[in-house]
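Chemist: I'd like to ask some things about the structure below.
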Protein chains: 2
Amino acid sequence: MSTQTKYLLQESQLPKFWYNIQADLPKPMPPVLHPGTLQPIGPDDLAPLFPMSLILQEVSTEREIEIPEPVREVFRLWRPAPLFRAHRLEQVLGTPAKIFYKYEGVSPAGSHKPNSAIPQAFFNAQAGVKRLSTETGAGQWGSSLAMAGQMFGLDVTVYQVRVSYDQKPYRRALMETYGARCIPSPSNETEYGRAVLAQRPDHPGSLGIAISEAVEVAAKNEDTKYALGSVLNHVLLHQTIIGLEAMEQMHMADAWPDVIVGCTGGGSNFAGLAFPFIGHGLRGGAKPRIVAVEPAACPSLTRGKYAYDFGDTAHLTPLTKMHTLGSTFTPPGFHAGGLRYHGMAPLISHCKQLGLLDAVAYTQNQCFEAGVQFARAEGIVPAPEANHAVRGAIEEALRCKREGKAETILFNLSGHGHFDMSAYQAYFAGGLKDEHYDENELAQALSGLPSVPA
Amino acid sequence: MSTQTKYLLQESQLPKFWYNIQADLPKPMPPVLHPGTLQPIGPDDLAPLFPMSLILQEVSTEREIEIPEPVREVFRLWRPAPLFRAHRLEQVLGTPAKIFYKYEGVSPAGSHKPNSAIPQAFFNAQAGVKRLSTETGAGQWGSSLAMAGQMFGLDVTVYQVRVSYDQKPYRRALMETYGARCIPSPSNETEYGRAVLAQRPDHPGSLGIAISEAVEVAAKNEDTKYALGSVLNHVLLHQTIIGLEAMEQMHMADAWPDVIVGCTGGGSNFAGLAFPFIGHGLRGGAKPRIVAVEPAACPSLTRGKYAYDFGDTAHLTPLTKMHTLGSTFTPPGFHAGGLRYHGMAPLISHCKQLGLLDAVAYTQNQCFEAGVQFARAEGIVPAPEANHAVRGAIEEALRCKREGKAETILFNLSGHGHFDMSAYQAYFAGGLKDEHYDENELAQALSGLPSVPA
């Protein structure tokens, strides 16, 4: 048995191309629709918000899209990221399975989010953009874009959900360390923010409102564009660097996954690991089972409807076909803030429809229990979001134990939990509720989906 | 010019031996004295507190001491640690200097502390010890020992300074995640703690009191030993894995340091990087200039006296000769909690006396300014302690710029700042005071040093 723990790639092995799964899909993606005309939109419709280079990535069906050298130069600060064999966790579980995990917490921001923030900043800077606006909840995306903007000379303005702004000042301090402006949303800086505040001066904010503010600022200012941290095709494309590296590292380990597990909110870290393996299978290679793990309190893939819906609550975005709980659905306030989104990335939703992946849901106590078990065996304390992937992988390993199968499991440990220790503190104090959504609210949100003729 | 950013060693290159600088010193260390008899103590005097294997490391003059395989197995979870070339920082500074940094923030606890916590737990477990007691201030050492104890099946009890216990709950949550008990000190669990509380029920605690409680528990319980995170010879020995790896990595980079910089509190991360290079120089190799950077508010090397003193404020420890501000000196409450210690490691103090290293002191605003500059260039946000090393390295790089010299600078980035964002927050809010110690208090503390005949 190999006792090697880490599989490290040299900088010369850093991927030079992202992998675009749209090239290999047996059926093309449903079109994105204009919310007024219900007609498919074209690249120009998105031009006020994004630079054309990113829009072209959004719609591309080329298999390989080049990673520019200035992006790779920044990536070298932490990439290639390590792949670990979880020897110690395997021993604790007493499983015959081999467990591997790709670790994205080595980035300076502590998660996979810079994988897309860096290229988004680069392509915007290249297009002459001076400022990026974005929204953030807990702050993982906001801090990553703040770092990326700093590195390419862009000003970054982050609209942070006010309740998070007040309750989680450390991520805000990280954004400011990277030189970004962080504004509690709803704010007085936008028309939409002012309208919300006029109705309710102490409004706690929501991701939907923050998106609307960030989009408004980008739409109204020539020198400003908008950046989104998940869901969109080009964001998932950027994250495929995770899976491309992992494929090389599995070769180094002389192994190949039978099962791939990731956590899903908007879907970017999951797609980043899984898509290159799915594509390999579609092109005739081995077909690992792909398992998306989502929170039981926000189960878009397992309980949502596959339908056209808005990406935001204020209904400013185009309509995309995706697994959705309805854009008016408000997920309960569980700790894995990065997974609190009503919809699933259209690309992942499409793959689910095509039978290319499975989905399961766990409660947050189930996930924290797994995270603590992982930390005590492997040292690394996972982020609450990543605990969902840990739980999924442990379940697979225990299944292998029951079935006496020595399968190979690969999961994505998308970030460390050093910014989230208050959640662990609450868990140890017995204070985590397994908050369930309101079934009536879900039914209502689903019944309010926009009507789109087939 | 090489554009390589990281220099990574394979697991097979993980050092098999620690380096013991005592083998190469031109003059042996002054003896450790019994506080009552003022006579040199022997190994047996320390046996109530430490297992004999660690005591023998403490007094050894063997050059190489083997790292046991079970310790190396745990080290593989994050070691060998990367060495970085700070290309982007060099550009920002416009310096002809080459700046390299060894990064210890990749450990699961986020700092270099596990380098000694893991072997200390191993040697204690090997000696049949069931429980470790220790103290911690901000919690870096406590969380590292908590992780180490979990990995070798030892119960860990951490006495945390009460004010930190209340103000910094996240490190405590980390200790609990690793399964340790964390107790605010002064506590009702020890005689000494009860005596302090009887005098002042709301006592905020101090590192000195917490040490006394942890030592008392170890001295009174057959199955319990004590563990210290810095200062002692064997702790510095364990940290030499940093410098030993860095030497290999400098070879990979086809470079060798002209200057080595580290931050100093008790001295362990600094010694860990510097000692292997100092020893190499003592054995006839190149002699880099070695610069210890300490906080201006707790300047043991630059303002302290080289004298016999106690290691704790309660005067339970033996007397060691070291640079000290006096054991009754109370450092102001600056943010780099890991550097708030009245004394300097005896081995480092001895090297200073022998002219083997220099020391400088900076204020905390000077250090945070450097840390922010570093974060914006390199991405990684340093811990407040590590900001001292960053400042020292930047000063050297700017000197090189003034002098037109392309020197090679190597510094130790001993930990990341993700647990310390409240300090950055205060810095941006303009809230950091450059607290100065009271000159009268220092004079008084120094005049109260124990009288030891020459």
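Each value in this text was obtained by applying a stated rule to the coordinates, not by laboratory testing. Owing to the predicted nature of the structure, the values given are computational and were not obtained by experimental measurement. Cβ atoms come from the backbone with ideal geometry, glycine included; neighbour counts cover every protein chain shown.
Chemist: How far apart, in nm, are two points set 7 Å out from the Cα along the Cα-to-Cβ line at B:Ala426 and at B:Ser451?
Modeler: Calculated label separation equals 4.0 nm.
Chemist: Please report the orientation-averaged projected area of region A:265-413, defined via the convex hull of its C-alpha atoms, in nm². Let's see the in-between values first.
Modeler: Working: hull surface 38.2 nm².
Mean shadow area of the hull around the Cα atoms is 9.5 nm².
Chemist: Longer than 24 Å from Cα to Cα, which of B:Lys168/B:Lys220; A:Lys130/B:Lys6; B:Lys287/B:Lys401; A:Lys168/B:Lys168 are they? Say none if no pair is.
Modeler: Working: B:Lys168/B:Lys220 30 Å; A:Lys130/B:Lys6 30 Å; B:Lys287/B:Lys401 22 Å; A:Lys168/B:Lys168 14 Å.
The answer is B:Lys168/B:Lys220; A:Lys130/B:Lys6.
Chemist: For region B:124-179, what is Rg from Cα atoms divided by 2.2 N^0.38 Å, rounded to two decimals?
Modeler: On the way: Rg = 11.1 Å, N = 56, 2.2 N^0.38 = 10.2 Å.
So the Cα radius of gyration is 1.10 times the expected 2.2 N^0.38 Å.
Chemist: Taking region B:81-128 on its own, what percent of its Cα-Cα pair distances exceed 12 Å? Mind showing how you got there, number by number?
Modeler: Numbers: 785 of 1128 pairs.
The answer is 70 percent, as a whole percent.
Chemist: As a footprinting exposure proxy, order B:Glu64, B:Glu294, A:Glu73 by other Cβ within 10 Å, with the fewest listed first. It would help to have the intermediate numbers written out before the result.
Modeler: Working: B:Glu64 13, B:Glu294 28, A:Glu73 18.
Starting with the residue having the fewest Cβ neighbours, the order is B:Glu64, A:Glu73, B:Glu294.
Chemist: Which lysines, on any chain, are close to A:Lys305 with Cα under 24 Å apart, when same-chain ones fewer than 8 places away are left out?
Modeler: Partners found: A:Lys27, A:Lys321, A:Lys352.
Chemist: Show me the ranking of peptides B:268-277, A:31-40 by mean Cβ neighbours inside 10 Å, starting with the highest. Each step should come with its number before you reach the end.
Modeler: On the way: B:268-277: 29.9, A:31-40: 13.6.
Top of the packing list down: B:268-277, A:31-40.
Chemist: Given a Förster distance of 22 angstrom, what is the FRET efficiency for A:Asp202 paired with A:Gln167, based on the Cβ-Cβ distance and rounded to 0.05? Walk me through the intermediate numbers first.
Modeler: Working: r = 14 Å, r/R0 = 0.66.
The calculated FRET efficiency here is 0.95.
Chemist: Report, by chain and number, residues whose modeled amide H sits under 5 Å from the one on A:Gly415, excluding near sequence neighbours (fewer than 5 apart, same chain).
Modeler: A:Glu104, A:Gly105, A:Ala383, A:Ala386
Chemist: Starting at the first residue of region A:212-229, write each ³J(HN,Hα) from the Karplus equation 6.51 cos²θ - 1.76 cosθ + 1.60 with θ = phi - 60°, in whole Hz, x for Gly and Pro.
Modeler: Once θ is set to phi - 60°, the couplings for region A:212-229 become 4, 5, 5, 5, 4, 4, 5, 5, 8, 10, 4, 8, 10, 10, 9, 9, 10, x Hz.
Chemist: When the Cα atoms of chain A are enclosed in a convex hull and the volume is divided per residue, what value in Å³ results?
Modeler: Numbers: hull volume 62.0 nm³, N = 454.
That works out to 137 Å³ per residue.
Chemist: Now for a separate question. For the residue pair A:Ala443 and A:Lys130, what label-to-label distance in nm results when each label sits 7 Å from Cα along the Cα-to-beta-carbon direction?
Modeler: According to this spin-label approximation, the distance is 5.4 nm.
Chemist: Continuing with this model, one more query. In a shell of Cβ-Cβ distance under 13 Å around A:Leu56, excluding A:Leu56 itself, what net charge do Lys and Arg (+1) and Asp and Glu (-1) give? Please report the intermediate quantities before stating the final value.
Modeler: On the way: positive: none; negative: A:Asp44, A:Glu58, A:Glu62, A:Glu66.
Residues near A:Leu56 contribute -4 overall.
Chemist: Read phi for every residue in region B:114-128 and hand back ³J(HN,Hα) as whole Hz from Karplus 6.51 cos²θ - 1.76 cosθ + 1.60, θ = phi - 60°, with x for Gly and Pro.
Modeler: The phi angles translate into x, 4, 9, 4, 5, x, 4, 5, 4, 5, 5, 4, 4, 7, x Hz.
Chemist: Would you please state which residues of region B:84-107 a label at A:Glu69 would reach in this model, taking the label point 7 Å out along Cα→Cβ and a backbone N cut-off of under 20 Å?
Modeler: B:85-92
Chemist: Also, I was wondering about something else. Taking B:Lys433 as the anchor, which lysines have their alpha carbon closer than 19 Å to its alpha carbon, excluding any fewer than eight residues away along the same chain?
Modeler: Hits, sequence-local ones excluded: zero.
Chemist: May I ask you to evaluate 6.51 cos²θ - 1.76 cosθ + 1.60, the Karplus curve with θ = phi - 60°, for each residue of region B:243-254 and list the ³J(HN,Hα) values in order in whole Hz, giving x for glycine and proline?
Modeler: x, 5, 5, 4, 4, 4, 6, 5, 4, 4, 7, 6
Chemist: Oh, and also: Set the Förster radius R0 to 25 Å, insert the Cβ-Cβ distance between A:Ala23 and A:Ala47 as r into 1/(1 + (r/R0)^6), and round the FRET efficiency to 0.05. Could the numbers behind the result be given before it?
Modeler: On the way: r = 24 Å, r/R0 = 0.97.
Here the calculated transfer efficiency is 0.55.
Chemist: Rounded, prolate or oblate for region A:114-228? Axes are the square roots of the Cα gyration tensor eigenvalues, ordered a ≥ b ≥ c, and the cut-off for rounded is a/c under 1.5. Mind showing how you got there, number by number?
Modeler: Values: a/c = 2.42, a/b = 1.39, b/c = 1.74.
Cα axes put region A:114-228 in the oblate bin.
Chemist: Also, quick follow-up: Restricting to DSSP loop positions (anything but H, G, I, E, B) with no more than 16 other Cβ atoms inside 10 Å of their own Cβ, which trypsin sites (Lys or Arg not before Pro) remain in region B:369-454?
Modeler: Values: sites: B:Arg376, B:Arg391, B:Arg399, B:Lys401, B:Arg402, B:Lys405, B:Lys433; in loops: B:Lys405, B:Lys433.
Here the trypsin sites (Lys or Arg not before Pro) that fit, given the DSSP loop and packing criteria, are B:Lys405, B:Lys433.
Chemist: Residues with beta-carbon under 11 Å from that of A:Leu89, excluding A:Leu89: net charge, scoring Lys, Arg +1 and Asp, Glu -1? Spell out each step's value before the answer.
Modeler: On the way: positive: A:Arg85, A:Arg88, A:Lys98, A:Arg376; negative: A:Glu90, A:Glu378.
Net local charge, A:Leu89 excluded: +2.
Chemist: Sort A:108-120, B:84-96 by packing, meaning the average of other beta carbons within 10 Å per residue, with the highest value first. Can you show the working numbers first?
Modeler: Numbers: A:108-120: 28.5, B:84-96: 18.8.
Result, highest mean first: A:108-120, B:84-96.
Chemist: Which FRET efficiency value, to the nearest 0.05, do you get for B:Val59 and B:Arg283 by plugging their Cβ-Cβ distance into 1/(1 + (r/R0)^6) with R0 = 22 Å? Kindly include the intermediate steps, with their values, before the conclusion.
Modeler: Values: r = 21 Å, r/R0 = 0.97.
The pair B:Val59/B:Arg283 has a calculated efficiency of 0.55.
Chemist: Expressed in nm to one decimal, what extension gain is obtained for the pair A:Lys220 and A:Thr302 from 0.36 nm per residue of sequence separation less their Cα-Cα distance?
Modeler: On the way: separation 82, 0.36 × 82 = 29.52 nm, distance 3.79 nm.
That works out to 25.7 nm of additional length.
Chemist: Using a cut-off of 11 Å between beta-carbons, work out the net charge of the residues near A:Ala297 (Lys and Arg +1, Asp and Glu -1, A:Ala297 not included).
Modeler: Working: positive: A:Arg303, A:Arg340, A:Lys433; negative: A:Glu294, A:Asp434, A:Glu435, A:Asp438.
Neighbourhood net charge equals -1.
Chemist: With a bin width of 10 angstrom, please list the P(r) values of region A:1-151 as percents of all Cα-Cα pairs, from the 0 bin to the one holding the largest distance.
Modeler: In order of increasing distance, the bins hold 9, 28, 32, 21, 8, 2, 0 percent.
Chemist: Let me ask you something else. For a quick check of your reading of the filter: which trypsin sites (Lys or Arg not before Pro) in region A:269-330 sit in a DSSP loop and have no more than 13 other Cβ atoms within 10 Å? Let's see the in-between values first.
Modeler: Values: sites: A:Arg283, A:Arg289, A:Arg303, A:Lys305, A:Lys321; in loops: A:Arg283.
Those satisfying the criteria are A:Arg283.
Chemist: Between region A:233-310 and region B:41-73, how many Å separate their Cα centres?
Modeler: Cα centres, region A:233-310 to region B:41-73: 48 Å.
Chemist: Let me ask you something else. With 50 Å as the cut-off, how large is the P(r) tail for the protein assembly as shown, expressed as percent of Cα-Cα pairs? Write out the running numbers ahead of the final one.
Modeler: Details: 78654 of 411778 pairs.
In whole percent, the long-distance tail amounts to 19.
Chemist: Please give every one of the aspartates and glutamates within straight-line cross-link reach of B:Lys98, meaning a C-alpha to C-alpha distance under 18 Å, and leave out same-chain neighbours fewer than 8 residues apart.
Modeler: A:Glu73, B:Glu90, B:Glu248, B:Asp254, B:Asp258, B:Glu378, B:Glu395, B:Glu396, B:Glu403, B:Glu407
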